Every structure is written in structure tokens, then in C-alpha cells.
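First comes the structure, then the notes that go with it.
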Amino acid sequence: MTQTAHGVEFNKHLSATPKSVEEREAILANPGFGDYFTDNTAIVDYKVDADGNGGWSNARVEAYGPISLDPSAAVLHYGQEIFEGLKAYRHADGSVWTFRPEANAARLNKSARRLALPELPEDYFLGAIRELVAADQDWVPSGDGEALYLRPFMIATEAFLGVRAAREVSFRVIASPAGNYFGGELKPVSIWISREYARAGRGGTGAAKCGGNYAASLIAQQEAEANGCKQVLFLDHFNDDAVEELGGMNVFFVFKDGSLATPALSGTILEGVTRSSVIQVAKDMGREVAERKITLAEWRDGVASGEITEVFACGTAAVITPIGVLKDETEFIGSEDAKAGDVTMAIREQLLGIQTGTVEDTHGWLTRLV
């Protein structure tokens with residue numbers, strides 16, 4: 001047994017066949033994003049007993065590998081699953097830190113409530129991350145813009161075809177060394193406007209981080225890629241084509257007076273941890289930030305008039321990415337020759353600086369893992 005700093009015991013049955021130093025170094029030389037995984041995984045089980053009482057148990061770290069599921073497991077039939085995403089960063093002194101994990105733990109539980117899954121105590125969430133990173137700390141890259149991407153997720157494992165909340169659930173964390181999400185040099189990306197598809201609807205699961213939302217976005221993402229765009233923009237077609245979010249990122253606008261705006265959380269938009277961090281960092285810089293309705297027409301007219309000077313997207317995987325062009329068959333907003341804006345880059349450098357330890361963390365956002 002290992003006693004963690006959070007008071008949760010994790011048994012360790014680490015991989016007997018970890019990657020060799022040479023194999024690991026070859027991967028870390030060009031990690032990509034989500035292409036390779038570390039040697040181990042953290043797991044905690046949940047089960048409801050005969051008296052109807054549920055509880056988490058059997059916390060452990062074991063070798064990364066396939067998951068054995070009954071063909072009738074609820075996750076395979078009713079999509080009862082949720083996930084999170086955060087990163088572990090290697091600082092200059094060799095220590096490893098993560099960024100605002102408590103916010104991810106809270107959002108996981110918010111998603112769990114919406115998907116009728118059991119809430120996970122924060123101690124288990126933080127303990128699983130800490131124990132996995134401690135076991136696989138050699139996988140944390142140290143290159144510019146690189147990190148170890150952590151993917152906590154929860155799936156309904158009960159073998160049962162009745163339509164009800166599952167009584168057996170598995171929480172797991174896997175880890176993947178990550179480079180730049182969009183690859184290569186940071187430069188403004190092109191975004192495709194989805195006219196036909198919606199990411200989420202009112203009263204739906206838009207505010208939860210669940211796989212169904214992303215599955216629903218993939219056909220629109222394919223359309224974007226077919227038209228030379230990196231991401232897709234979803235609109236609320238029943239609300240003046242209000243801007244919602246991209247396939248996997250929130251959107252920010254910078255105005256000529258130096259202020260920022262981002263779409264207000266409406267129940268159909270994911271409450272991004274990076275989104276809330278950008279808001280705070282911008283305010284720390286003395287900038288006003290509004291969370292409000294922003295329509296496609298305002299985006300179009302604002303860029304044309306010069307009122308909107310920069311647009312960027314943000315999320316855990318890509319951190320902050322400038323947007324150059326928004327387009328579809330009839331629209332073309334922005335410029336293919338656009339450069340990353342000064343405000344965008346200043347916020348990005350400040351946020352990355354906090355995460356990587358080169359800028360003072362005045363908000364207590366960092367948690368040391370190793």
C-alpha cells in the first residue's frame with residue numbers, strides 16, 4: 001500500500017514490461033498528441049451493494065493495457081461516460097507540476113451529475129493523478145510547449161441492458177506525452193462555420209464533458225478538414241447565430257480598446273478550465289473581460305470595421321491558438337495572412353509561464369506532483 005498526500009491508499013502493480021529508455025526517448029523526441037501512452041494507468045472502482053449503497057474502492061496503479069468489458073456493459077450501449085483533460089509540466093529544476101486540478105475534479109463531478117454517474121471524491125481524483133505521474137515521471141517531456149497530457153475518465157461497466165444508471169463504474173487515468181496540438185510553429189488557424197450541425201441543445205449535455213458531445217461534432221469536423229480548416233465553429237441557429245464554441249475549444253475576441261469578450265455560459269457551452277484562467281489572466285493585466293452573447297454578425301462586422309482586432313481559441317490541449325480566418329461556402333472573415341495578435345500572445349505567454357514555472361503563480365493554481 002502507498003499512502004498518498006491526500007489520504008487515499010493506492011496499491012501498486014506497475015508494468016513488468018515498461019518501455020526501454022531508448023524507446024521512451026525516441027517517442028519523447030517527437031511525441032505528437034495522443035499518439036503514445038505511458039507504462040501505467042490509475043484505476044478506482046465503484047459499486048452499489050445489495051442495500052443500495054454505493055462506494056469507491058480498490059484504488060490502484062497497474063500496467064497500461066486493454067480494458068476487459070462485458071459486451072452488455074452500459075457504456076457500450078447508452079454512452080454513460082465522462083472525461084477530463086489536464087497536463088503535467090516539467091519545470092526547470094526537474095520537478096513536475098499540474099495546473100488547477102481541483103477545477104478539473106469539480107468539473108468531472110458536474111459532468112457525473114448530468115450523466116447520472118457517481119461523483120468521485122476529490123482525494124481520489126488528485127491521488128490518482130499524483131500516483132500515476134509519480135510512477136511514470138520519466139515520461140514527462142521537457143521541450144518547449146511540451147507536457148504530459150493526463151486523461152481522467154469514468155465509464156459505466158455494469159453488464160446490464162436495462163435503461164437506468166449503472167451500478168458499477170470505473171474511474172481511470174491514462175497519460176500521453178504531448179507536443180503542440182496543431183503541430184509545428186504557432187500560427188493562426190482557419191475555422192469552418194457549421195451551418196447544418198449543432199454541438200449541443202438547450203437542456204442537453206453541452207455543459208458536460210462527455211464523449212457524446214464530441215461524437216456529435218466529428219461530422220462537422222470532417223467537413224472543416226475537407227475545406228482546409230483545423231477546427232469547426234458551432235452556432236446557436238435559434239438565437240441569432242450566436243457563437244457557441246469550437247469542436248474542442250472556447251473562443252475569445254479582443255477589441256480595439258483592449259477589452260476581451262467570450263460567449264457566456266448558457267448550458268450548451270463547456271466551462272473550460274483554460275477559459276476561466278484566460279479571463280483571470282486578462283483581468284490581472286488590467287483588461288476588461290465580458291461574458292456575453294456574441295453573434296456571427298458581430299464577428300463579421302467587427303472584423304470589417306476594425307472593432308475586433310484579434311480572435312483566439314483556448315483549451316487544455318492547445319492552450320491558446322490564434323484564429324486567422326473564419327469561413328464557409330459564403331463567408332470569409334479575417335485574413336489568411338493574419339499574424340498572431342499581441343494581446344493573444346501576451347496572454348498565452350503569461351498563462352504558459354505560470355504553468356511551466358517561469359512566471360509567478362499568484363493564484364495558487366499549481367500543484368506539485370513529483
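The values are calculated or read from the model by the stated rules, or taken from the named source; none is laboratory data. Here the structure is a predicted model, which is why all the values come from computation and not from measurement. In this analysis, Cβ positions are derived from the backbone assuming ideal geometry, glycine residues included, and neighbour counts consider all displayed protein chains. All accessible areas refer to the heavy atoms of the entire protein, side chains included, with ligands and DNA or RNA removed. Shrake-Rupley method; radii C 1.70, N 1.55, O 1.52, S 1.80 Å.
Per atom type, the stretch 3-79 shows carbon and sulfur on 48% of its accessible surface, probed at 1.4 Å. Projected over every direction and averaged, the convex hull enclosing the alpha-carbon atoms of the chain yields 19.5 nm². Taking the longest Cα principal axis of the chain as reference, the axis of helix 211-226 is set at about 40 degrees.
Can you tell me what share of the DSSP beta bridges in the chain is antiparallel? A percent to the nearest 5 is fine. The antiparallel proportion sits near 80 percent.
As a fraction of the 1.4 Å probe accessible area of the stretch 291-344, surface on carbon and sulfur atoms comes out at 46 percent.
Counting only alpha carbon atoms, the long axis of helix 122-135 and the longest principal axis of the chain meet at about 80°. Please compute the Kirkwood hydrodynamic radius of the stretch 1-141 from all pairs of different C-alpha atoms, in Å with one decimal. Taking the inverse mean of 1/r over all distinct Cα pairs, the stretch 1-141 comes out at 17.0 Å. Within the assembled protein chains, the solvent-accessible surface assigned to residue 292 is about 80 Å², based on a 1.4 Å probe.
Note that the chain presents 44 Å² accessible area per residue, ligands and nucleic acids not counted, probe 1.4 Å. With the whole protein complex present, residue 97 retains an accessible surface near 60 Å², based on a 1.4 Å probe. In the chain, the calculated helix contribution to ellipticity at 222 nm averages -8000 deg cm²/dmol per residue, counting -39,500 (n - 2.57) for every DSSP H run with n ≥ 4. Taking amide H atoms as placed 1.01 Å from N in the peptide plane, the amide H of residue 309 lies under 5 Å from those of 254, 255, 256, each 5 or more residues away in sequence or on another chain. Protein-only accessible surface at a 1.4 angstrom probe places the residues 368, 202 in the order 202, 368, largest first. The simple Förster model, with R0 at 30 Å and r as the Cβ-Cβ distance, assigns residue 305 and residue 33 a FRET efficiency of 0.25.
Spin-label model, residue 361 to residue 237: label points 7 Å out along the Cα-to-beta-carbon direction sit 4.4 nm apart.
If the segment from residue 49 to residue 295 were pulled out straight at 0.36 nm per residue, it would be longer than the present Cα-Cα gap by 83.6 nm.
For the options 305, 277, 194, a Gaussian network treatment of the chain with springs between C-alpha atoms closer than 10 Å singles out 305 as fluctuating the most.
Helix 342-356 and the longest principal axis of the C-alpha atoms of the chain enclose an angle of approximately 10°.
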